[in-house]
Every structure is written in structure tokens, then in C-alpha cells.
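The numbers here are math on the coordinates, done by the rules we state, and not lab data. These numbers were taken from a predicted model, which means no experiment stands behind them. Here Cβ is always computed from backbone atoms with ideal geometry, including for glycine, and neighbour counts include all displayed protein chains.
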Amino acid sequence: MNIFFQRCWIFLKKNWQYILAVFGAIFTFFLLRREKITLLDQLREIQEAHDKELKTIEAAREEERKKNKQAYELLQKRLNEIQSLYDEAKLQLEKKKKKQIEDMMKKYADDPTELAKKLSAVTGFEVILPE
């Protein structure tokens, strides 16, 4: 048995580079093989996470577009309501002003100077009276 160990020791001393190269190749093979699988898995996971994130961003953007569209429609509706109220109020004001002018025409038909002053006050026009 002693001779066997001596021969093994001599063989190892003589061929240690080859033995080390074989173990190194085996170790490298398993190490790189495992990393490639892990690397591919990691790349797939990264791609899946990226796709999921893109879908989330796109969904949020679509929701934002819907809200903007709803807000724009509400704005247009309110602007139309305000415009119709403005037109109606303007028409009422014109009717009121016209009635006031007619009432003044009847009331001050005999006094043109006083009529001109009152019309100037109601309409906002400047009246230049003869002296």
C-alpha cells in the first residue's frame, strides 16, 4: 500500500499541471454553464419586468387621456352654458334698456333737453347740447 501512495505521489508531482487543467476545465464548464442559464433566466426576468412596467405605464397614460378628454368635454359644456347665459342676459339687458328709452321718450317727449340728458345717462352716449 505504501508503494501505491509513493507512485501516486510521484505521478502527481510529475503531472500536476495536467490534473489541475482537467479540474479547472470541469470547474469552468460547470461555472459557465450555470451562469449562462442564470444569465438567460435573468435576462428573461428583466424583459418580463420591463414588459410589465411598459403595460403599467401605457395603462396609466390611457387613463390620463380619458381623464383629459372628460375634463375637456366638461369644459366645453360649461363654456357653452356660460355663453348661453351671457347671450340671454345680454338680450334681457338690451330689452330693459330699450324699454327704459321708450319710457323716457314718452315721459320727456315735451322737453328735448331733459330727454337728451336722460338718454345720455342710460345709453352712455355723450350728448352735446346747443347753448
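Taking a sphere under 14 Å around the Cβ of Ile57 and counting the other residues whose Cβ falls inside, with K and R at +1 and D and E at -1, yields a net charge of -2. The long axis of helix 112-123 is offset from the longest Cα principal axis of the chain by roughly 10 degrees.
Under 5 Å between amide hydrogens, built in the peptide plane, is the criterion, and for Tyr108 it picks out nothing among residues at least 5 positions away or on other chains. Seen against the Cα atoms of the chain and their longest principal axis, helix 2-107 is set at about 0 degrees.
A helix-only calculation puts the chain at -34000 deg cm²/dmol for mean residue ellipticity at 222 nm, using -39500 (n - 2.57) for each DSSP H run of at least four residues, averaged over all residues. Gain on full extension, evaluated as 0.36 nm per residue between Tyr108 and Leu43 minus their Cα-Cα distance, stands at 13.9 nm. With a sphere of radius 12 Å drawn around the Cβ of Leu74, what net charge do the other residues whose Cβ falls strictly inside it have (Lys, Arg +1; Asp, Glu -1)? For residues surrounding Leu74, the net value is +2. With Cα atoms defining each centre, segment 7-27 and segment 87-131 are spaced 120 Å apart in the structure.
The chymotrypsin sites (Phe, Trp or Tyr not before Pro) found in segment 78-126 that occupy coil by DSSP, while having at most 12 further C-beta atoms within 10 Å, are Phe125.
Kirkwood Rh over Cα pairs of the chain into Stokes-Einstein at 25 °C, 0.890 mPa s: D in µm²/s? This corresponds to a translational diffusion coefficient of 96 µm²/s.
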